[in-house]
Amino acid sequence: MPRIIFALCLFAVLSCKNTTKPEISAQDIVDKSIEVSGGQLHKDHDSSFLFRNRKYIATRENGKKVLKRITYLDSVVITDVRAHDGLARYINDSLVSLSDSLANRYANAVNSVHYFARLPFGLNDKAVNKTYLGEEIIKGENYYKIKVTFDQQGGGDDFDDTYVYWFHAITFKPDYLAYDFHVNGGGQRFRVAYNERYIDGIRFVDYENYKSKDKETDILSIGTLYEQGGLELLSKIELSEITVE
């Protein structure tokens, strides 16, 4: 009889182990998220969209990524081109000289819009550091929570900012993101994805853009604040006239 009891206990323990949820890493989550959001299509196709009356174009020239922003001002067309070697500005097709500080500011502005429009694609860049923080429930849905920081080398001027992403535990889509920043007095932003659509296999979303009422809010706790209604809607980030070629 003792042997039978022991065998039953051993079977129960092994059964529990077999049903234990497998561990998942931040890299696994991001890889799956990129896959369901378009994957290799991001590299193989050019894309463009309108955002706040400016046209943004992502393309490749000689195998290298090139990001553009085109501003239309009456008869003047300003084209900012951000490539691996910096930013160039053209006014009506004529190259203009920029100070280093202005060129850097424009480059960061162009990169920022493209970065958010192409998420989660950029989360596998070399300068990105990903940390899995566990699971969190938002609006009754379970999410994988990941913190993202950047190396100083290759991380841009805002390398010391911290980002947090919430990936749906079933779909692996990034439905929420947050970040802190240190310029202009600093603060935090929390974004809620909506209006999801796939254009030729690539996922695009718009965002509700929230701010914390307290600039000292811990960025890792901002999801809880959103749940409690502790954030203020600041703006909406909407893309239009999206094309993929």
Margin query: Six or more apart or on different chains, Cβ atoms under 7 Å: show the pairs whose first residue is in region 83-99 and of a type in the set (Lys, Arg) and whose second is surrounded by 13 or more Cβ atoms within 10 Å (Cβ to Cβ) and in a loop (DSSP other than H, G, I, E, B).
Written below: Arg89/Leu98
Check: Which one of the conditions (1) aromatic (Phe, Trp, Tyr); (2) farther than 23 Å from Thr149 by Cα; (3) part of a loop (DSSP other than H, G, I, E, B) does Phe172 fail to meet, given that it meets all the rest?
Finding: (2)
Item checked: Search result, residues across region 102-134 that are within 20 Å of Glu35 (Cβ to Cβ) and either in a strand (DSSP E or B) or in contact with a Pro (Cβ under 7 Å, 6 or more places away or on another chain) (or both) -> Leu119, Pro120, Val128, Lys130, Tyr132
Note to self: So, in region 68-101, how many residues would count as being among the small types (Gly, Ala, Ser) and outside any strand (DSSP E or B)?
What the structure shows: 4
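Table: residues versus (1) farther than 23 Å from Ser25 by Cα; (2) modelled with pLDDT under 95; (3) among the hydroxyl-bearing types (Ser, Thr, Tyr).
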site: Gly86; (1), (2), (3): yes, yes, no
site: Arg89; (1), (2), (3): yes, no, no
site: Leu95; (1), (2), (3): yes, no, no
site: Asn104; (1), (2), (3): yes, yes, no
site: Asn108; (1), (2), (3): yes, yes, no
site: Ala117; (1), (2), (3): yes, no, no
site: Gly122; (1), (2), (3): no, yes, no
site: Ala127; (1), (2), (3): no, yes, no
site: Ile137; (1), (2), (3): no, no, no
Next item on the list: Output the qualifying pairs, or none if there are none: Cβ atoms under 6 angstrom, residues six or more apart or on different chains, first residue in region 193-212 and over 14 Å from Ser240 (Cα atoms), second residue among the β-branched types (Val, Ile, Thr).
Entry: Ala193/Val205; Asp200/Val244; Ile202/Val244; Glu208/Val192; Asn209/Ile237
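The values are calculated or read from the model by the stated rules, or taken from the named source; none is laboratory data. Just so it is clear, the model here is predicted, and its values are computed rather than measured. Note that we place each Cβ from the backbone using ideal geometry, even for glycine, and neighbour counts take in every protein chain shown.
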